[in-house]
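What follows is a set of notes on a single structure, which appears directly below.
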Amino acid sequence: MNQITLLTDFIPSSSLPVLPKLEPSPHTYLDNRVTKTHRGNKRTRSQTARARLRTKEHLERLANELHEVELADKLRRCHSRLSVLTCGLHIAQIIPNFTCEFRLCPDCSRRRSRKLQNKYLPMMRAFLRHHHVTPVHLVLTQTHKKETRKQSAKRINDAFRKLQRRSFWKEFFKGGTWSLEFTKDKNGLHHTHLHIIGFRRKFFDIELLRSEWLAVTGDSHVLNLKPILDIAAGLREVVKYVSKPLDVRRFGADDLREFLKLKNMRMFGTFGEFREFCKGFDRSDNDGDEVSELEKANRDLTEGCACPKCNAPLFDLRLSSDELLRFYEGIESAPPGKVGTS
Ligand SMILES: [Zn+2]
Ligand SMILES: [Zn+2]
């Protein structure tokens, strides 16, 4: 079993240069009909850890209902025992005893999301250095129909493939990444979107893109496009949908059954010239890559090393997921600057 390292505390966002708060660009096209992408909810670590735990318990219950015994067992074991490297106030490393790798598992999704970011961020930065392009976040949606999740995903993927073959697309986009997000509307119909990080060659009228999307889908023109000011944040936002493609807490047993049929469906991919660029990417071309450097530094930490945040010595704690939750709560309630372990 591979030991997988989660770097929960030293998340790149804090280490990246902070961009000044920018006013919305006049070239930002917001379409209110598209689901909102920014929730702006800043939850504490204990709150998010508790939500993950509850989600897993919910999934485990559903798996049991469907007599998916093996899945239920994996979910129960996943991240149930943790080796935590800490100074008492900061967490440098969390190593889980076991990872289930189930796509809807919130713990494993976070890991997958971090992996995707580490893999693609250096390539995106290098691509931006080598090409005169602007990254944009494009959301493509389609009409809701009575269909299965699989049919809904196929319909939007087919339309996107057609779009990429059109001369408009080739003229204005130099490739990028796509990811799928699934939601359901009030009537229980699937609402599938594509989140695209597109490398735009030059500016174009959004109405043109709308009519192109309508031409390939036959009935959908709803989309949203906004420039990405910080590529790391843009990528983080997009992989969020890969790592959390669904609102699992609202799942019933039928939803899980349907999801299990999607096992091999791809949720994330690259396209166009960016795809080719990734294939030939040389990892030494990554002088702007703070993420992997930082992660590498933390991976080498062991008991007795100085905490990268406060220099206090690190020690190893063996915790259950519930104990980790209480540990987070302890850290959060400790007065600033005071080491809060007992
Ligand atoms: Zn898992
Ligand atoms: Zn510390």
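The values are calculated or read from the model by the stated rules, or taken from the named source; none is laboratory data. These figures come from a predicted structure and were not determined experimentally. When we count neighbours, we look across all protein chains shown, and the Cβ atoms used for this are built from the backbone with ideal geometry, even at glycine. Surface accessibility is based on the protein's heavy atoms, side chains included, excluding ligands, DNA and RNA. Shrake-Rupley method; radii C 1.70, N 1.55, O 1.52, S 1.80 Å.
Could you list all residues from the stretch 44-54 that are open to solvent by less than 20 Å² (accessible area, probe 1.4 Å) and closer than 20 Å to E101 by Cβ? Full working, then the answer.
Taking the stretch 44-54 and keeping what is open to solvent by less than 20 Å² (accessible area, probe 1.4 Å), we get 46, 49.
Matches in the stretch 44-54: A49 only.
Hey, among the residues in the stretch 114-130 that are closer than 14 Å to G234 by Cβ and buried (at least 19 other Cβ atoms within 10 Å of the Cβ), which one's nearest to ligand 1 (Cβ to nearest atom)? Outline the logic, then answer.
We begin by selecting, within the stretch 114-130, every residue closer than 14 Å to G234 by Cβ; these are 116-117, 120-121, 123-125, 127-128.
In the following step, the residues that additionally are buried (at least 19 other Cβ atoms within 10 Å of the Cβ) were identified as 116-117, 120-121, 123-125, 127.
On the way: L116: 16, Q117: 18, Y120: 22, L121: 23, M123: 27, M124: 27, R125: 30, F127: 32 Å.
Checked the stretch 114-130; the qualifying residue nearest to ligand 1 (Cβ to nearest atom) is L116.
Given the conditions (1) surrounded by 14 or more Cβ atoms within 10 Å (Cβ to Cβ); (2) out of contact with any strand residue (DSSP E or B) (no Cβ under 8 Å at 6 or more places or on another chain); (3) free of Cβ contacts under 8 Å to residues at least 60 places away in the same chain, and given that S152 satisfies all but one, which numbered condition is not satisfied?
That leaves (2) as the condition not met.
Going through the stretch 185-205 one residue at a time, which ones are open to solvent by 10 Å² or more (accessible area, probe 1.4 Å) and either among the aliphatic types (A, V, I, L, M) or free of Cβ contacts under 8 Å to residues at least 24 places away in the same chain (or both)?
Passing the criteria: K186, G188, L189, D205.
Listed residues E237, E258; which is assigned to a helix (DSSP H, G or I), surrounded by fewer than 17 Cβ atoms within 10 Å (Cβ to Cβ) and under 16 Å from the mean Cα position of the chain (by Cα)?
E237
So M124 clears everything in (1) closer than 30 Å to E273 by Cβ; (2) of a type in the set (A, V, I, L, M, F, W, C); (3) outside any helix (DSSP H, G or I) except one condition, right? Which one?
The number of the failed condition is (3).
Considering only residues that are hydrophobic (A, V, I, L, M, F, W, C), at pLDDT 95 or above and open to solvent by 30 Å² or more (accessible area, probe 1.4 Å), which ones fall in the stretch 67-97?
V69
Which residue pairs have Cβ atoms under 8 Å apart, sit 6 or more places apart or on different chains, and have a first residue in the stretch 45-59 that is within 16 Å of ligand 2 (Cβ to nearest atom) and a second that is open to solvent by 40 Å² or more (accessible area, probe 1.4 Å)?
R45/E332
Collect the residues in the stretch 85-98 that are under 23 Å from the mean Cα position of the chain (by Cα) and part of a strand (DSSP E or B), keeping them in residue-number order.
The answer is I91, A92, Q93, I94, I95, P96.
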